[in-house]
Amino acid sequence: MTPAIPALRRAHSLATLWLLLSSLAWAGCLPVAEAPKKIGADACVTGTVLKVQESEKGGAWFLDFCEDYRQCPFTVVVFTRDLRDVGDVRRLQGKSIEVWGRIQSYGGRAEIILRHARQLRGEAAKLPPLPKDYDVERRGRFSATAPGAPKPKRPTGGASKSPPLPGAPGNTPPTPDVEKPEPPR
């Protein structure tokens, strides 16, 4: 046997060991309750999404893993601007997901900001894209126009003046000048 073969075997063994250890590290996802212990670290968190909610102001979507989000130690945030890169997050409700990213602290809870679909594993990895007529700029409302069609222009002047309806309040015909009695003093 030549001296190069044992060196190759040793390198192959080390490479196999490194791949095995790195795959074990990659496979280990934290449960939702453990996420606050890893703030600042890049990690995987796993859990079942109980609710998917849009924020009141419409700038973000939240994947909640607890019935009461205020009591939950972890959440996933998807900003509206990232929905095209992530997909239709509404489909994640009721599914078990694995999400990868930097665990941050916000408002006293741990969170991962989901910016790309590649951060998801498991059932969530097959997340469908947003519907083509989904308008992220209008906070989730569906657009009435075809995608890419020019939007209708709105009048730029004041309110349009339409002729008044006869007999409508505030639309009485002028009366001839009649002397009004003087008010009492």
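Sorted from largest down, what three extents in whole angstroms do the Cα atoms of segment 27-131 have along their principal axes?
37, 33, 22
Note down the nm distance, to one decimal, between modelled labels 7 Å out along Cα→Cβ at Thr48 and at Lys126.
Once both label points are built, they end up 1.9 nm from each other.
From Cα pairs below 8 angstrom and at least 6 apart in sequence, can you work out the relative contact order of segment 27-131, rounded to a whole percent?
For segment 27-131, the relative contact order is 29 percent.
Which of the listed residues, Leu130, Tyr69, Thr48, is farthest toward the dipole's positive end in segment 27-131, when Lys, Arg count +1 and Asp, Glu count -1 at the beta-carbon?
Selected residue: Leu130.
Relative contact order for segment 38-79 using alpha-carbon pairs under 8 Å, separation at least 6, rounded to a whole percent?
Over segment 38-79, the number comes to 30 percent.
Near Val52, within a Cβ-to-Cβ distance under 9 Å, what is the net charge of the other residues, with Lys and Arg +1 and Asp and Glu -1?
Neighbour charge sum, excluding Val52 itself: +1.
Read-outs throughout are calculated quantities, based only on the coordinates presented, and are distinct from any laboratory measurement. Remember, it's a predicted structure, so these values are computed and weren't measured experimentally. Every residue, glycine among them, receives a Cβ derived from its backbone with ideal geometry; neighbour counts consider all protein chains shown.
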